[in-house]
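Worksheet for the structure shown next.
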Amino acid sequence: FFDQTYAEEIDEDSAAGSCAERMRLLLLRAGTIGLISRCTVPARPSLACFMSSLPSTMAPMRDRVSNPSLVQEAAFINGDFVTPKAAGTFSVHDPASGALLGSVPDMGKEGAVEAISAAHASWAGWRDVPAKDKSAALRRWHELILTNTEDLAIIITSECGKPLAESKGEVAYAASFVDFFAEEVKRIEGAILPPPNPNRRVLVSRQGVGVCSMITPWNFPAAMITRKVAPALAAGCPSVVKPAQQTPFTALALAELARQAGIPKGLLNIVTSSTEKTPEVGRELATHSLVRKVSFTGSTAVGKTLLALAAGTVKRVSMELGGNAPFIVLDDADIDAAVEGAMSSKFRNAGQTCVCANRFLVQEGVAGVFAQKFADKVRALKVGHGLEEGVTCGPLVNAAGVNKADDHVLDCLSKGASALVGGKRLGGNFF
């Protein structure tokens, strides 16, 4: 778990060699030192079970994959990977090990405008391309995504922490959207409607709206991009994607594969930006006069802001926002099936998906047996770095996620609940 270069510099028998000091150094490197003020560290390192034996978990992203061309430390605008000096850069870290994966340009308003202009310029050439040719380009992109499954999965796990098996599943899921719309593009049909009088004919044709801006989350960094970009391309629309600041490398890898697939310049643009510059980029993507549609997956609060901004120019919008999903178990339920369902719902990507259960409502007659069987399953989880073999639960993506989980547990305990298993910080972003 710890950076070995730090661990070797610390005298095990000295005060500086304590578990707390090791954690402090790691957090300093990961930029999450604020976590220490909320953390009670055991006398001896219970973190040992989370130490990774794989050197790759401390390596930069480029050294983790077999195809280095997939790792681009640049934004992608008008078919080229660009690193504007004026933009500066921001670092991307592995949430499990704290290792520095690399850095990408910290684009602001100017970068967003450049990407929007490139997308608009490409629109006229793409919208009139025959459906079969659009389909062929999407099919090539789909095949390249599947061919590079292993490397894409490593990139996803390295950036967002989910176990490698889950990341491989996401790559297949992401590719399925491209596959689907490669076929649907050949079925964009119009209609002839009954006219109001015999002297008229009413025809309906479907045309792409124009530049689409897309803001995607970190928890499914591949699937949320292909689910938006593939239908846009099929409809004849160019895209400007702003990926989450935690997971830009997945987006850039998909852009490289789109380039290799022959997707024309300007049709897919990736604008990378830090937390600090995301608001100005988001504002431009939601208000620029050349943007015709805004698609966002994320929190309800941010979605409301984007809706308000897009309303100024009456843009089309698609919003997939947060929820508060209950998992309900009644007395007549199949408890074993309920427990299996609860494990899938609650612990996929360490509980960080939009469809994960936020709360459990269990009828009193089965509450005890459900809780015990659920605890037994949770106890069997193997927590660790997602690249480690056998790991079934990775870290939370950042310190804020750990704090939130801890706050929920402390709130329950203060109101009379008891913890059957876990419920404690495990160091770093693990809980």
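The values are calculated or read from the model by the stated rules, or taken from the named source; none is laboratory data. A quick note: this is a predicted structure, and the numbers were derived from the prediction, not measured. FYI the Cβ positions are ideal-geometry reconstructions off the backbone, even for glycines, and counts take in every protein chain you see. Surface accessibility is based on the protein's heavy atoms, side chains included, excluding ligands, DNA and RNA. Shrake-Rupley method; radii C 1.70, N 1.55, O 1.52, S 1.80 Å.
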Between 0 and 90 degrees, rounded to the nearest ten: what's the tilt of helix 131-147 against the longest Cα principal axis of the chain?
20
On each of the three principal axes of the Cα atoms of segment 280-431, give max minus min coordinate, whole Å, ordered largest first.
57, 37, 33
Using per-residue counts of other Cβ atoms within 10 Å, averaged over each peptide, order 217-226, 282-291 from highest down.
217-226, 282-291
With +1 on each Lys and Arg Cβ and -1 on each Asp and Glu Cβ, and nothing else charged, work out how big the dipole of the chain is about its Cα centre, in Debye to the nearest 20.
1760
Neighbourhood net charge (12 Å Cβ-Cβ; Lys/Arg +1, Asp/Glu -1) for Thr216
+2
Given the DSSP H assignment, sum -39500 (n - 2.57) over each helix run of at least 4 residues in the chain and divide by its residue total; what's the result at 222 nm in deg cm²/dmol, nearest 500?
-13500 deg cm²/dmol
Using alpha-carbon coordinates, inclination of helix 149-160 to the longest axis of the chain, degrees
60
Say the dipole of segment 241-317 comes from +1 at the beta carbon of Lys and Arg and -1 at that of Asp and Glu; which of Val281, Gly303, Val271 then lies farthest toward its positive end?
Gly303
Please list 254-260, 272-278 highest first by mean number of surrounding beta-carbon atoms within 10 Å per residue.
254-260, 272-278
What percentage of all Cα-Cα pairs in segment 170-266 are separated by more than 19 Å?
49
Total charge dipole magnitude, segment 317-386, about the Cα centre, Cβ charges on Lys, Arg, Asp, Glu only, Debye to nearest 20
440
Go through Lys242/Lys377; Lys228/Lys373; Lys265/Lys293 and tell me which ones have a Cα-Cα distance over 29 Å in this structure.
Lys242/Lys377; Lys228/Lys373
Glu364 to Ala405: extension gain in nm, 0.36 nm per residue of separation minus the Cα-Cα distance?
12.3 nm
Of the accessible area of segment 47-206, computed with a 1.4 Å probe and all protein chains kept, carbon and sulfur make up a percent value of 55
Placing +1 on the Cβ of each Lys and Arg and -1 on the Cβ of each Asp and Glu in the chain, which of Ser56, Ser414, Asn148 has its Cα farthest towards the positive end of the resulting dipole?
Asn148
Positive minus negative residues near Leu146 (Lys, Arg vs Asp, Glu; Cβ under 13 Å):
-2
Taking every alpha carbon pair in segment 198-243 and sorting the distances into 10 angstrom bins from 0 up to the bin holding the longest one, the percent per bin comes out as 25, 39, 18, 11, 6, 2
For segment 104-197, what is the accessible area per residue in Å² when the probe is 1.4 Å?
44
When the accessible area of segment 271-405 is computed with all protein chains present and a 1.4 Å probe, what percentage of it is carbon and sulfur?
56
Could you tell me the distance between the Cα centroids of segment 364-394 and segment 200-274, to the nearest Å?
36
Place the peptides 352-364, 197-209, 374-386 in order of packing, highest mean first, counting for every residue the other Cβ atoms within 10 Å and averaging per peptide.
374-386, 352-364, 197-209
Please pull out the direction-averaged projected area of segment 56-173, using the convex hull of its alpha-carbon atoms, in nm² to one decimal place.
8.6
Average projected area of the Cα convex hull of segment 305-346, in nm²?
4.6
Test of understanding: express the Cα radius of gyration of the chain as a ratio to 2.2 N^0.38 Å, with N the residue count.
1.08
Give me the net charge of Cys356's neighbourhood, meaning all other residues with Cβ under 11 Å from the Cβ of Cys356; Lys, Arg count +1, Asp, Glu -1.
+3
